[in-house]
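Each value in this text was obtained by applying a stated rule to the coordinates, not by laboratory testing. No experiment lies behind these values; they were computed from the predicted model shown. Cβ placement follows ideal geometry from the backbone for every residue including glycine, while neighbour counts extend to all protein chains displayed.
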Amino acid sequence: MRVARIETFMVPPRWLFVRVETDSGLAGWGEATCEGRSETVRTAVDQLSELLLGRDPLRIEDNWQLLTKGSFYRGGPILASAVSGLDQALWDIAGKHFDTPVHQLLGGHVRERIRMYGWVGGDDPGEIADAVSAQVEAGLTAVKMNASGRMGPIATTAELDAVVGRVAAAREVLGGSRDVAVDFHGRFSAANVRRVVPLLEPYRPFFLEEPVLPENPHLLRSVTSATSIPIATGERLYSRQEFLPVLQAGIAVAQPDLSHAGGISEVRRIASLAEVYDVQLAPHCPLGPLALAACLQVGFATPNFLIQEQSIGIHYNQGAEVLDYVVDKTPLKFVDGSIERLTGAGLGIEVDEQAVRSADKHGHAWRGPLWRHDDGSFAEW
Ligand SMILES: [Mg+2]
């Protein structure tokens with residue numbers, strides 16, 4: 001069996017799917033979405049295809065080595081996302097070839113279901129309460145929210161109170177047996193983090209995410225050592241090597257993205273590395289159905305797996321939904337806030353190829369918001 005054809009599909013709301021076809025007719029799917037950079041990643045997949053065409057798709061590790069190291073200049077979000085989509089597709093092919101789910105190829109399942117969390121939006125505590133209630137009614141036992149919107153470098157008292165008020169509102173609805181995680185999204189200065197984190201301790205967040213920008217891992221130790229709240233990060237890290245310093249800095253939750261951090265192959269290794277630091281895995285995934293299925297396959301086979309993000313119904317999925325591109329939606333159905341073990345071959349979902357091909361004709365041009373402070377200077381989104 002040889003790789004015969006590689007195609008990419010840019011589909012709304014903001015995703016990039018990869019399809020790898022073999023000369024035996026078997027095809028695998030992956031997701032190389034890098035939000036806001038789809039056109040660039042598509043070109044990277046095209047160029048990497050030169051290395052993969054004609055090769056044995058079942059030699060996943062050798063192909064991964066070639067794709068990641070086959071050029072003097074390597075790494076970073078664009079190339080790693082391109083490799084991720086191709087890697088997922090190769091695992092999908094392998095699973096279909098051996099007629100077994102990917103997690104079986106990773107050593108078999110270590111759990112029967114995976115706990116999921118949902119996003120809650122809204123800008124004031126009242127809206128937060130309603131959004132959390134909706135997720136609880138849908139059966140979820142955990143939610144995640146942004147700590148704030150745009151944030152000045154030294155927050156005002158009102159800004160600080162707003163952050164605390166939102167988390168308090170979520171906790172009140174959730175009670176003591178459900179969880180709320182809080183995403184700082186790299187929006188907070190180190191000074192703001194120092195001030196806000198102690199104020200959130202009484203509400204016992206599940207974890208605090210991205211308290212510092214990924215380019216500043218040297219600041220993480222001061223955060224982790226100053227609080228009992230578990231600290232999470234990793235959606236903008238792209239390899240084991242980039243995870244090492246944040247693990248050493250004392251994070252509690254590693255959040256590699258299956259579509260950014262080298263795919264199933266590398267995230268599996270990041271999980272093993274995290275285990276050495278007693279750190280749990282919670283893959284980042286505000287993405288499409290293929291990225292989600294890849295996360296779940298890793299989760300079913302990974303002992304130190306914690307919880308899974310997903311974006312079904314999220315506010316910025318405009319124009320298409322996670323389940324729009326799968327034929328049978330039942331494998332991704334929530335049961336008591338969890339997804340039961342996927343039993344289908346490969347990634348365990350069947351892509352609606354016709355829907356994908358027709359969506360790609362329109363494509364998308366998704367871009368992240370650009371924010372400014374009141375004085376006109378750039379603000380982190
Ligand atoms: Mg995040």
Per residue convex hull volume, Cα atoms of the range 142-193, in Å³:
73 Å³
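For every helix of n ≥ 4 consecutive DSSP H residues, a contribution of -39,500 (n - 2.57) applies; sum these over the chain, divide by its total residues, and give [θ] at 222 nm rounded to the nearest 500 deg cm²/dmol. Mind showing how you got there, number by number?
Details: 12 runs with 144 residues, N = 381.
Rounded to the nearest 500, the figure is -11500 deg cm²/dmol.
Tell me the GluC sites (Glu not before Pro) within the range 202-240 that lie in a loop according to DSSP and have at most 16 other beta-carbon atoms within 10 Å. All intermediate terms of the calculation are to be shown ahead of the outcome.
On the way: sites: E209, E215, E235; in loops: E215, E235.
When the GluC sites (Glu not before Pro) of the range 202-240 are filtered for loop state and at most 16 Cβ neighbours within 10 Å, E215 remain.
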Convex hull of the range 3-99 built on C-alpha atoms - directionally averaged projected area, nm²
5.7 nm²
At R0 = 30 Å, how high is the FRET efficiency between T157 and V335 if r is their beta carbon distance? Nearest 0.05 is fine.
0.10
Built amide H within the under 5 Å cut-off of R55, gap 5+:
V3
Principal axis box of the range 103-346, alpha-carbon based, largest edge first, Å
54, 39, 33
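Within 10 Å of each candidate Cβ there may be at most 16 other Cβ atoms; applying that plus a DSSP loop requirement, which GluC sites (Glu not before Pro) in the range 59-133 survive?
Values: sites: E61, E112, E127; in loops: E112.
When the GluC sites (Glu not before Pro) of the range 59-133 are filtered for loop state and at most 16 Cβ neighbours within 10 Å, E112 remain.
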Cα pairs beyond 17 Å in the range 47-105, in percent, come to 37 percent
I need the Debye-formula profile for the range 155-280: one equal scatterer per C-alpha, no solvent, reported as log10 I(q)/I(0) at q = 0.11 1/Å, two decimals.
-0.38
Cut-off under 5 Å, modelled amide H: who pairs with A254 long-range
Q280, L281, A282
Comparing L79, L105, L237 in a Gaussian network model of the chain (Cα, 10 Å), the one with the largest mean-square fluctuation is L105
From the cross-link list K144/K361; K96/K333; K144/K333; K69/K329; K69/K96, which pairs have alpha carbons spaced over 31 Å apart?
K144/K361; K69/K329
Going by C-beta contacts inside 10 Å, put S272, S228 in order with the fewest on the left.
S228, S272
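Give me D for the range 224-267 in µm² s⁻¹, whole number, from Stokes-Einstein with Rh from the Kirkwood sum over alpha-carbon pairs, 20 °C and 1.002 mPa s. Write down the numbers at each step before the final one.
Numbers: Rh = 10.8 Å.
Here the translational diffusion coefficient equals 199 µm²/s.
In nm, what is the difference between 0.36 nm times the number of residues separating Q47 and D328 and their Cα-Cα distance? If you can, show how the numbers build up before the last one.
On the way: separation 281, 0.36 × 281 = 101.16 nm, distance 3.26 nm.
Value of the extension gain: 97.9 nm.
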Using every pair of alpha-carbon atoms in the range 63-198, split the distances into 10 Å bins beginning at 0 and state the percent of pairs per bin, rounded to integers.
10, 26, 21, 24, 17, 2
Computed ³J(HN,Hα) along the range 27-32: with the Karplus parameters 6.51/-1.76/1.60, θ = phi - 60°, integer Hz and x for glycine or proline, the list is 10, x, 10, x, 10, 10
